[in-house]
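> Below you will find the structure I want to go over with you.
Bear in mind these aren't lab numbers, they're just calculated from the coordinates by the rules spelled out. Everything numeric here is computed off the predicted structure, so don't read it as measured data. Every residue, glycine as well, gets a Cβ built from its backbone with ideal geometry; the counts of neighbours run over all protein chains shown.
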Amino acid sequence: MDTIIKASDAAELLSLVPALAGFTPVRSLVVLPFHGTRAPGVLRMDLPPGDDTPCDYVDDVLELLAQVRGCDAIAVVVYSDEAATHTRDGLVLPHSLLIDHLLGSAHEEGFHIVEGLCVLPSGWSDYLEPEPVLHPLDGIPSAPELPGVDVVTDQHTGTELPPADLAARQRVGMALRDLDAVLERVRCGGSQLGSDENPQAIGAAVMLDDIPSFAEMLLEGEEDPPPFACAALLWCLHRPALRDAVLVQWASDHATGMRAFDAQLGHARNGDRTPSEIGDVFLGRAGDPDPARLRRALEVVRYSVACAPRDLKPGALASAAWLSWALGRSTHADAYLRMSQRIEPGHGLTALLLRVLESALLPMWLMERGERLARRAG
């Protein structure tokens, strides 16, 4: 939620949804929460399988809206691959019972209803019209170009892991083997590393002496991390205390990362409580991360997942899910969590984040960012 838009009519509103979302939704319910006459972003949910039990689904949508402070009006757009039904009484739009329930409940909660639209393979229409008609899709203007937004095919685009050929995976696997050998020797009290140790593995072990600086270094490169940096990252993401500190740092800054790392060490060694300002960042309750910083971190982690051996993938996949969630990409987060769950069903962070997604909880910074932009524009 970082661009404020205004639309003069329904067709123009439909043209703006892909630009705001960054993709063209499919099989989705999209809600635009308005602050006055402006909508600072979109909320998207998968459509339910049918209209027979819409109550729980509507409750979930309203709970999601309750997280958007300052929202006083909504527009709803259904993207369905179903066809409208022509009857003697007129056109019946798919999911009409659901939308009628949703809009009625939202109105009872005090929300003004701006629009209730649907986009189908055969055209677009309006749920609020007493006698809806289908309008041609080519009547929807092209999505405007917004700064920093590339509109992709749909909400699932980009969940595929980046390519990593066999040679790249083997290089990371050998780097992990050599790094583990060095770390094991150090752990066992080896003060002098022998000439048989890989110098790059020694360098990677030295990087792990200062994990906050290492985490920051990973964000500064333009390319995919080299094998030993990738191995060192996978080593960190496999260890929950280190992983969580790295994620907090990527969602804040180097100094906060140092405090998070110290807090995690204190908890592991002495059972110290994690300071609330650190825990709140991890839980999405505080902070205002730089989206570009999170996107770069996600690129690095996704590449590391692609190169990782199977047993190290869950921690990295859960990290990719957390970064996606922090960016407001819940569909991507869910895809990574399902991959992780298939490998390690009991993985801790994976289970936690799945509960977060099932509860439709969003990071507070997404809501606050939209609220600030709306105030600034108003």
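> Restricting attention to the alpha-carbon atoms of segment 10-155, what are Rg (one decimal) and Dmax (integer), both in Å?
Calculated on Cα positions, Rg and Dmax stand at 14.7, 48 Å.
> Given the options Arg302, Arg27, Arg187, which has the most mean-square fluctuation in a GNM of the chain, springs set between C-alpha atoms less than 10 angstrom apart?
Arg187
> Rank the residues Ile113, Ile74, Ile278 as a footprinting-exposure proxy: fewest other Cβ atoms within 10 Å of their Cβ go first. Please report the intermediate quantities before stating the final value.
Numbers: Ile113 16, Ile74 26, Ile278 22.
Listing Ile113, Ile74, Ile278 from fewest to most nearby Cβ atoms yields Ile113, Ile278, Ile74.
> Related question: So, R0 is 45 Å and r is the distance between the beta-carbons of Ala181 and His112; what FRET efficiency does that work out to, to 0.05? List each step's numbers first, then the result.
Details: r = 65 Å, r/R0 = 1.44.
Efficiency at R0 = 45 Å is approximately 0.10.
> In what sequence do Tyr57, Tyr79 fall when counting other Cβ within 10 Å, fewest first? If you can, show how the numbers build up before the last one.
Numbers: Tyr57 19, Tyr79 22.
By the 10 Å Cβ count, ascending, the order reads Tyr57, Tyr79.
> A further question on this structure: Let me check against my output: what whole-number percent is the relative contact order of the chain, with C-alpha pairs under 8 Å and at least 6 apart? Numbers along the way, then the final one.
Details: 581 pairs, mean separation 63.6, N = 378.
The value is 17 percent.
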